[in-house]
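Working notes for the structure below.
The values are calculated or read from the model by the stated rules, or taken from the named source; none is laboratory data. The structure displayed is predicted, hence computed values, not measured ones. Using ideal geometry, Cβ is built from the backbone for each residue, glycine included, and neighbour counts are taken over all protein chains shown. Calculation scope for accessible area: heavy atoms of the full protein, side chains included, ligands and nucleic acids excluded. Shrake-Rupley method; radii C 1.70, N 1.55, O 1.52, S 1.80 Å.
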Amino acid sequence: MSNEQDQDSASSSTSVLQRQEPNQDDTDNDISIEESPTKALRGKNRVYKELCTYETFNEFTKELIDSNIDDNNWTKKNKSMSSSGEKIGFKCSKCDKRLYIIKHREDAGVTVNIEDKIHLHTSKVHSIPTATRDKSTIPDDVDKMFVISKFTIDPTDFDFNLFMTTRRLISLALHNDMIATDATHRLSWQDFPLLLCGTVDQTRAFHPFGVLLSRHERGEDYKFLFECIKEMTLQLFNYNYNPTVLLADAAMAITNEYLRGVDHKSLILTDIHTLQGGTSEKHFKVAVELLARKWRSLNNLKINEFFEYFLSQWFGEYTIGWDERYAESYPSINNALESTNNEIKEGGTFRDRVALREFKEIIENIINNWSRDRDPTYLTTIQFNLKPNVLLPDWTSGFVWCRLNKR
């Protein structure tokens, strides 16, 4: 656009989309537009141009539902009135690109004005190999991030795995044989999942080994993540890392659905909790089978369905870890890892989706900080605790218990 056009648009009383402030909700005040539909309009860092016109609003709505507007999905943001007619603003469902429509006063027509920029989520990610090439060499600095990458490129698809870590973070794998992993989402406009992996010490504090950025969250992505950790521990520390305990996330949505409407829900849960922490490993399987037999004797359809699900999903070879004695001295829940997921969103992306280039810089900063936080030369270092911390209230309670007049 020429300087003359810029000045004309900027001085016109017709304007514009207002960018949402950080603390402002996505509500009706998100967009404010005053414009002439024949001109490209300039807002705060936004320029709009006329895209097309529809004879009726229903025709526009059908095209919107069918994702034919700029070949993308759009979500409604707000509506207001102007001298030209009713204005309705929309935002791309996958990035920050905007459009708005003007419903004509003089007829039933609709004019669509769209922001003059590309969709961020449709931009090619094929530049990732070039962007990560300078990080592929393992540095001498123990707190500097490096990347282990895998790319699959064919005529129809582009897939990638980027494992990001430091020497110090990998060294944490030498402390115990438990590995915890989970994925977090909604970090970038492309919605690539971030797979977080690490371990939990005796005080239930999570210590990350690194993160994997991938295009999908599949079994092969987790396989690549584990292989990277094993390779690096062997290459850097000549240590054959073979974890014997895996702490992974489990969705409770199905469980809640089965339990909904069961009259004896609280009693069943009490029995399960008692079983979880009060039965020896030797008798655990027998106790679970007796528990199922007890409740099935009521011939309640919902209860029978629940225990059919419970035994098939939570009593298998790899899903029996909810027994507290299954892996003694290790946690049976992944709260430490989940809190680190929250830390990434709160302190890294501020719970907003960012462009992939910016996201790479954020993750690099987080990885480096994780590593520096564990530098033993600092007094405030995050230590890897090999023994649980017993707090003073616990010692006091134990002392009081010992002095009780017990039989």
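Please return the ranges of helices (runs of 4 or more DSSP H) entirely within segment 217-328 where 3 or more residues are under 23 Å from Leu196 (Cβ atoms) and at pLDDT 85 or above.
Working: elements: 219-237, 253-259, 265-278, 284-296, 301-314.
Of the helices (runs of 4 or more DSSP H) lying wholly inside segment 217-328, those with at least 3 residues that are under 23 Å from Leu196 (Cβ atoms) and at pLDDT 85 or above span 219-237.
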Any chance segment 393-401 includes a residue that's more than 16 Å from the chain's Cα centre (by Cα) and surrounded by 14 or more Cβ atoms within 10 Å (Cβ to Cβ)? no
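To keep it simple, each residue is scored yes or no on (1) out of contact with any Gly (no Cβ under 9 Å at 6 or more places or on another chain); (2) modelled with pLDDT of 75 or more.
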| residue | (1), (2) |
| --- | --- |
| Glu86 | yes, yes |
| Gly89 | yes, yes |
| Arg98 | no, yes |
| Glu106 | no, yes |
| Ala131 | yes, no |
| Pro139 | yes, yes |
| Phe146 | yes, yes |
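Yes/no matrix, rows are residues, columns are (1) surrounded by 13 or more Cβ atoms within 10 Å (Cβ to Cβ); (2) farther than 30 Å from Val245 by Cβ; (3) touching a His at 6+ places or on another chain (Cβ under 9 Å):
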site: Ser297; (1), (2), (3): no, yes, no
site: Asn304; (1), (2), (3): yes, yes, no
site: Tyr309; (1), (2), (3): yes, no, no
site: Trp314; (1), (2), (3): yes, no, no
site: Gly321; (1), (2), (3): yes, no, no
Identify, by number, the condition in (1) open to solvent by less than 60 Å² (accessible area, probe 1.4 Å); (2) part of a loop (DSSP other than H, G, I, E, B) that Asp352 doesn't meet. (1)
Output yes when any residue across segment 212-224 is surrounded by fewer than 21 Cβ atoms within 10 Å (Cβ to Cβ), farther than 24 Å from Leu356 by Cα and over 17 Å from the mean Cα position of the chain (by Cα), and no when none is. no
Return yes when Asp182 is open to solvent by 10 Å² or more (accessible area, probe 1.4 Å), at pLDDT 80 or above and in a strand (DSSP E or B) and no when it is not. yes
Only one of these is open to solvent by 60 Å² or more (accessible area, probe 1.4 Å), in the same structural domain as Gln202 (by the TED database) and within 30 Å of Asp134 (Cα to Cα): Glu361, Glu338. Name it. Glu361
With segment 52-123 as the region, which strands (runs of 3 or more DSSP E) entirely inside it contain at least 3 residues that are of a type in the set (Ser, Thr, Tyr) and either over 30 Å from Arg215 (Cα atoms) or under 28 Å from the mean Cα position of the chain (by Cα) (or both)? 74-82
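With the requirement that a residue be free of Cβ contacts under 8 Å to residues at least 12 places away in the same chain and of a type in the set (A, V, I, L, M, F, W, C), what does segment 368-407 give you? Give the derivation first.
Within segment 368-407, the subset free of Cβ contacts under 8 Å to residues at least 12 places away in the same chain is 369, 373, 376-381, 383, 390-407.
Within segment 368-407, Leu379, Val390, Leu391, Leu392, Trp395, Phe399, Val400, Trp401, Cys402, Leu404 qualify.
With Lys76, Lys97 as the choices, which residue is among the charged types (D, E, K, R) and surrounded by 15 or more Cβ atoms within 10 Å (Cβ to Cβ)? I'd like the intermediate steps shown before the answer.
Values: Lys76 fails: surrounded by 15 or more Cβ atoms within 10 Å (Cβ to Cβ).
It is Lys97.
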